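Let me begin by presenting the structure, written as structure tokens, before commenting on it.
The values are calculated or read from the model by the stated rules, or taken from the named source; none is laboratory data. This structure is a prediction, so every number in the text was calculated from the model and none was measured. All Cβ positions, glycine included, derive from the backbone under ideal geometry; neighbour counts span all protein chains shown. Ligands, DNA and RNA are stripped out before the accessible areas are found, and what is left, the full protein with its side chains, is counted by its heavy atoms. Shrake-Rupley method; radii C 1.70, N 1.55, O 1.52, S 1.80 Å.
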Amino acid sequence: MKLFSKEQIYKADQFTIEKQGITSDALMERAATQIFNWMHLRMQGAPIKIHLFCGIGNNGGDGIALARHLQEHGYHINVYVVNYSKARSKDFLLNLERLKARKVWPEFLESDDPLPQIKKEDIVVDAIFGIGLNRPPANWVVNLIQHLHRSEAFILSVDVPSGLFTDKGVESSNAVVKANYVLSFQAPKLVFFLPETGVFVNQWEILDIGLDPEVLSKTATEYELIGKNEVLPMYLPREKFSHKGTYGHSLIIGGSLGKIGAVHLASKGCLHAGSGLVTAYVPSCGILPLQTNLPEAMVLSDAGQDYIAKIDFDLDVKAVAVGVGLGKEKATVKAFGDFLKKVKTPLVVDADALNILSENESLLQHLPKMAVLTPHPKELERLIGSWEDDFEKLKKAKAFSKKYQCVLVIKGAHTIVVFEGKGFVNTTGNPGMATAGSGDVLTGVITGLLTQDYPALNAAVFGVYLHGRAGDIAVEETGYQALTASGIIDGLGKAFIDLFKVPETPPEDTNDKERSDR
């Protein structure tokens, strides 16, 4: 699913208006009708007071039009116009007159007016600011937003939470509505998925307002949201007449005294992702643990007892992962540098190997083309430098990816894979995956896919999706707190199976007609 910028949405609006021969007001009416239908389906005329806070732009116009629909269906509403500017959009004014014609008189809120009373059991519709916001709200509007939060009422935001910019970070968290639910038009917004801005969106849903499908399909976006529909075409099926050699040999290089478990998890994740063969390359202290606990993997060791001092192997491998549990001993750093200068196979770089790169930047030039780097936030900061907000972080990550022709996997709640100026935002995963070893498993999964001839970008995007989906499946049995990295591995098989599951058709609700008639 594409994630459009606000400029692209504006262009799609205008294209739709011209192609379909409608007015901008008609498009606004579609939006308001869709919001009303969503609310009415769930409320069915319930006697709950609804407070609509509307700005004076098109987002406010959506709210004013929604108020008319709610009033016509007997809902108990209070309408407030947040009068933060003398400028008004024409469609806002048109819908305001329509509302007044139905004897509904909004209360205009000014900077010195008392704040309206809202009860905890009420519903607040936030239609103050939309995607066009380009400066922080005035202090009195910030106070109003905080008043909405203090009420503890359920907040439903129209398109985006008010105060949230779509193209830059938040200057003050107090100036943004924390929405319980966001109804976003046509497509979600990138800010829903970034660490600094996604905290203002608890849940979201897309409402189709009929923007022209041709312009949407032809518009190239910088970011794409990745779900099952996006990764399913990447899947490479297995042939009947195949054997373990068909699906390649992976090499996992890492481990040091006390951190052999990281290699175990990466190797096991690699096997569960489908690699035909897996060899773990570890210091000698890791031989016994791996041979004992992971019989499916082969083990090679260098001369080092507690850490890797040399990387030298005579294996025909399809892909290599390096860094998990590696450590940064002086001999290890040299061994990694020497290895990097001669490696030709597809490569995944994680953990201490990333930290060695950030501390020895000259080694970056030796990264093979299309290497996959999988940093967590602090490792990313060491690689690309600090950032002011998530938008600057993404800009720097894209520049780094372009400079070194690598695939950058920015791990987080919504892991973003960056390559050639484009970002792929993952939708799977959960807070239970914030656990030791989760990243090691991901390294193994991506490596296993590379070994099976998945292109590097597909291996990263698909691997991130599978890893998250496995965690989602596993957490249903464990809960967040008890989920472990091993549990994620256990969910990988079900994650593959889930790719081809057809969603079950919900049973017919015999009460639907009865409810609609009341």
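The table below lists the values:
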item	result
Filter result for the condition that a residue is under 36 Å from the mean Cα position of the chain (by Cα) and at pLDDT 95 or above, over LEU300, LEU315, LEU347	LEU347
Selection count where residues are open to solvent by less than 60 Å² (accessible area, probe 1.4 Å) and not aromatic (Phe, Trp, Tyr), scope the stretch 316-339	15
Pair list, Cβ under 9 Å, 6 or more apart: the stretch 387-415 residue in a helix (DSSP H, G or I) and of a type outside the set (D, E, K, R), other residue modelled with pLDDT under 95 and open to solvent by less than 20 Å² (accessible area, probe 1.4 Å)	PHE391/GLY169
Residue list for the stretch 280-332, filter: under 14 Å from HIS264 (Cα atoms), assigned to a loop (DSSP other than H, G, I, E, B) and hydrophobic (A, V, I, L, M, F, W, C)	LEU294, ALA297, VAL324, LEU326
Contacts under 9 angstrom Cβ, first residue in the stretch 437-452 being closer than 14 Å to ILE488 by Cβ, partner acidic (Asp, Glu) and surrounded by fewer than 24 Cβ atoms within 10 Å (Cβ to Cβ), 6 or more apart	none
Filtered residues of the stretch 154-190 (kept if in a loop (DSSP other than H, G, I, E, B), out of contact with any Leu (no Cβ under 8 Å at 6 or more places or on another chain) and open to solvent by 40 Å² or more (accessible area, probe 1.4 Å))	ASP167, LYS168, GLU171, SER172, LYS178
Selected residue (only one of VAL176, VAL215 is touching a residue at least 40 places away in the same chain (Cβ under 8 Å) and more than 16 Å from the chain's Cα centre (by Cα))	VAL215
Output for the stretch 230-266, where each listed residue is open to solvent by 70 Å² or more (accessible area, probe 1.4 Å) and either among the polar types (S, T, N, Q) or more than 28 Å from the chain's Cα centre (by Cα) (or both)	ARG238, GLU239, LYS240, PHE241, HIS243, LYS244, LEU257, GLY258, LYS259
Test: residue in the stretch 455-464 that is of a type outside the set (A, V, I, L, M, F, W, C), touching a helix residue (DSSP H, G or I) at 6+ places or on another chain (Cβ under 6 Å) and either open to solvent by 10 Å² or more (accessible area, probe 1.4 Å) or under 19 Å from ALA273 (Cα atoms) (or both)	yes
Selection within the stretch 8-24 - buried (at least 18 other Cβ atoms within 10 Å of the Cβ) and over 15 Å from VAL160 (Cα atoms)	GLN8, ALA12, ASP13, THR16
Matching residues, the stretch 78-97, being surrounded by fewer than 16 Cβ atoms within 10 Å (Cβ to Cβ) and of a type in the set (Lys, Arg)	LYS86, LYS90
Members of the stretch 108-140 that are surrounded by 11 or more Cβ atoms within 10 Å (Cβ to Cβ), free of Cβ contacts under 8 Å to residues at least 60 places away in the same chain and either in contact with a helix residue (DSSP H, G or I) (Cβ under 8 Å, 6 or more places away or on another chain) or assigned to a strand (DSSP E or B) (or both)	PHE108, LEU109, SER111, LEU115, PRO136, PRO137
Cβ-Cβ under 8 Å pairs, at least 6 apart or on other chains, the stretch 291-304 side within 16 Å of SER256 (Cα to Cα) and among the polar types (S, T, N, Q), far side open to solvent by less than 30 Å² (accessible area, probe 1.4 Å) and in a loop (DSSP other than H, G, I, E, B)	SER301/PRO283
Scan of the stretch 350-367 for residues that are surrounded by fewer than 24 Cβ atoms within 10 Å (Cβ to Cβ) and not in a helix (DSSP H, G or I), ordered by number	ASN360, LEU367
Counted residues, the stretch 368-386 - those being free of Cβ contacts under 8 Å to residues at least 24 places away in the same chain and not in a helix (DSSP H, G or I)	2
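Condition check ((1) part of a helix (DSSP H, G or I); (2) under 18 Å from VAL158 (Cβ atoms); (3) without any contact (Cβ under 8 Å) to a residue 12 or more places away in the chain) across all residues:
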{"site": "GLN8", "(1), (2), (3)": "yes, no, no"}
{"site": "ALA26", "(1), (2), (3)": "yes, yes, yes"}
{"site": "GLU29", "(1), (2), (3)": "yes, yes, no"}
{"site": "ASN37", "(1), (2), (3)": "yes, yes, yes"}
{"site": "LEU41", "(1), (2), (3)": "yes, yes, yes"}
{"site": "GLY61", "(1), (2), (3)": "yes, yes, no"}
{"site": "HIS69", "(1), (2), (3)": "yes, yes, no"}
{"site": "TYR80", "(1), (2), (3)": "no, yes, no"}
{"site": "LYS86", "(1), (2), (3)": "no, no, yes"}
